[in-house]
Amino acid sequence: MGQDNAEAANNVSKWTGTVYIFSLVGAFLSDSYWGRYKTCAIFQVIFVIGLVSLSLSSYLSLIRPKGCGNETIPCGKHSSLEMGMFYLSIYLIALGNGGYQPNIATFGADQFDEEHSKEGYSKVAFFSYFYLALNLGSLFSNTILGYFEDEGLWALGFWVSAGSAFAALVLFLLGTPRYRHFKPSGNPLSRFSQVLVAASRKWRAQMASNGEDLYVMDENESPTNGNRKILHTEGFKFLDRAAIISSRDLEDQKSGVYNPWRLCPITQVEEVKCILRLLPIWLCTIIYSVVFTQMASLFVEQGAAMKTTISHFRIPPASMSSFDILSVAVFIFFYRRVIDPLVGRLKKKSSKGLTELQRMGIGLVIAVMAMVSAGIVECYRLKYADPVCPHCSGTSSLTIFWQIPQYTLIGASEVFMYVGQLEFFNAQTPDGLKSFGSALCMTSISLGNYVSSLLVSIVMKISTEDHMPGWIPGNLNRGHLDRFYFLLAILTSIDLVLYIACAKWFKSIQLEGKYEENDMPGSFKV
């Protein structure tokens, strides 16, 4: 499409961000109305339609002249209609993929009973292998398909993707008779609003210090389809007022009237508390996602400006993300088979390994190391630029394989951050909001992409003053991409400090009969 580096990186970030924003749409429909199975099926169909539309529009109109889009033949200009079809297709893909991805993760976890000894362990392991499966699928597209698309065979790559998505849909539907299904719990927005309104109406009410006067609804009357009760916790005491039984509430009960906008059961109040406690942790994961998204944009552009040939074979810069995927696979097995059992044996009070919060903190530390590594490689890439023409595009003699450490470190950090994040949000959200928990993980990736796009724009605006080329110009040999990487390392370090503070403040959800004292998966100790 003839876009320069900064514009292309921003467009990738915006589209990827939109994919994960749609995860909130899928989670809302799943938890509120459709249930996870129906939501997965519908959004997978949308995903297939988007990929078929992209394949058709590329084959019929965008790839002109034939074979364009490689390193030598640029594609011609496209009409507004052709560009409109392209953007409609890729945002249908964003809607379909974003809508089903958090639900497919939660739906898979639903197939295991966490109260059962063996199934409970399998449920924890499921998230690791789910993330591994995502990455193994990406391995094929980032190597085989990446190579063909680098040669201008874009339509072929899109058709293969469409066929894969269709096969996935068929496989998903074939398993229908064996699935465990859970009913949706109704609109969570109305339940949250009821707590806030009821608490504000009783802001002058006096509360007992032990919380014994709070309203507990009978399971048969509960609107949340038999979800487990959440025990009362300290903190956010102003919300507890929504569960205080006033004299007017007693009169309503005698007459058989129940007004949820005046009186809410304590489990409903605790739902709101759970989400409020999750938000600071969630906000701290956004900066990590800014680091993660560089792999799909600036890492590729950095690699394209390095030596990409071995003999007569050219290595597609995008295929270097294969080292990230291999790193994910290695570290998932290494963590589950070595680190987790070892830490479990070293702990005196519990046989469990690292908690989810501890793993996410480790992921942030490794992310800082990845950005420092990328910055050092860029310094050397500039050092080995062609001395005859240092400002020419793609003239560095430094081989692209020097990028392997930064990709490997990103992969290792994903295992600790994203797998830990999936487990954490699934464990710490109430039963009726499990898809929302997975969507929080996806949405942090989304906002990370948007923040990355904003950060690139700000950096380019500041660094191009006084007619300077800026840190990320079209020709990276004239810029300072290393400074951008080091800036991200500094921001991630600051984020790590804030994260540790938020993690120490966090209190785990307490479901009736689920956890013993000091045995909560969200606990964090330094």
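Annotations for the structure displayed:
- Any hit, the stretch 467-477, residues being touching a residue at least 24 places away in the same chain (Cβ under 8 Å) and of a type in the set (V, I, T): yes
- Qualifying residue in the stretch 161-179 (condition: on the phi > 0 side of the Ramachandran plot and either open to solvent by less than 80 Å² (accessible area, probe 1.4 Å) or assigned by the TED database to the domain that holds A318 (or both)): no
- Only a single item in (1) part of a helix (DSSP H, G or I); (2) open to solvent by 20 Å² or more (accessible area, probe 1.4 Å) is not met by S397, and it is number (1).
- Of all residues making up the stretch 140-152, the number that are in contact (Cβ under 8 Å) with a residue 40 or more places away in the chain and surrounded by 18 or more Cβ atoms within 10 Å (Cβ to Cβ): 5
- Filter result for G470 (at positive phi, in contact with a helix residue (DSSP H, G or I) (Cβ under 6 Å, 6 or more places away or on another chain) and open to solvent by less than 10 Å² (accessible area, probe 1.4 Å)): yes
- Under the condition of being over 24 Å from P188 (Cα atoms) and among the basic types (K, R), the residues counted in the stretch 248-262 number 2.
- The number of residues in the stretch 79-113 that are free of Cβ contacts under 8 Å to residues at least 40 places away in the same chain and more than 23 Å from S444 (Cα to Cα) comes to 13.
- Residue match in the stretch 96-116 (condition: in a helix (DSSP H, G or I), touching a Phe, Trp or Tyr at 6+ places or on another chain (Cβ under 8 Å) and surrounded by fewer than 16 Cβ atoms within 10 Å (Cβ to Cβ)): no
- Within the set R337, R314, the sole residue that is out of contact with any strand residue (DSSP E or B) (no Cβ under 6 Å at 6 or more places or on another chain), at pLDDT below 85 and of a type in the set (K, R) turns out to be R314.
Here's the yes/no breakdown for (1) touching a Leu at 6+ places or on another chain (Cβ under 6 Å); (2) within 25 Å of T72 (Cα to Cα); (3) at pLDDT 85 or above:
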position	(1), (2), (3)
G96	no, no, yes
G99	no, no, yes
A109	no, no, no
A125	no, no, no
Y131	no, no, no
I144	no, yes, no
E149	no, yes, no
G152	no, yes, no
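The values are calculated or read from the model by the stated rules, or taken from the named source; none is laboratory data. Computed from a predicted model, the values in this text were never measured in an experiment. Using ideal geometry, Cβ is built from the backbone for each residue, glycine included, and neighbour counts are taken over all protein chains shown. Keep in mind that these areas ignore ligands, DNA and RNA; they rest on the heavy atoms of the full protein, side chains included. Shrake-Rupley method; radii C 1.70, N 1.55, O 1.52, S 1.80 Å.
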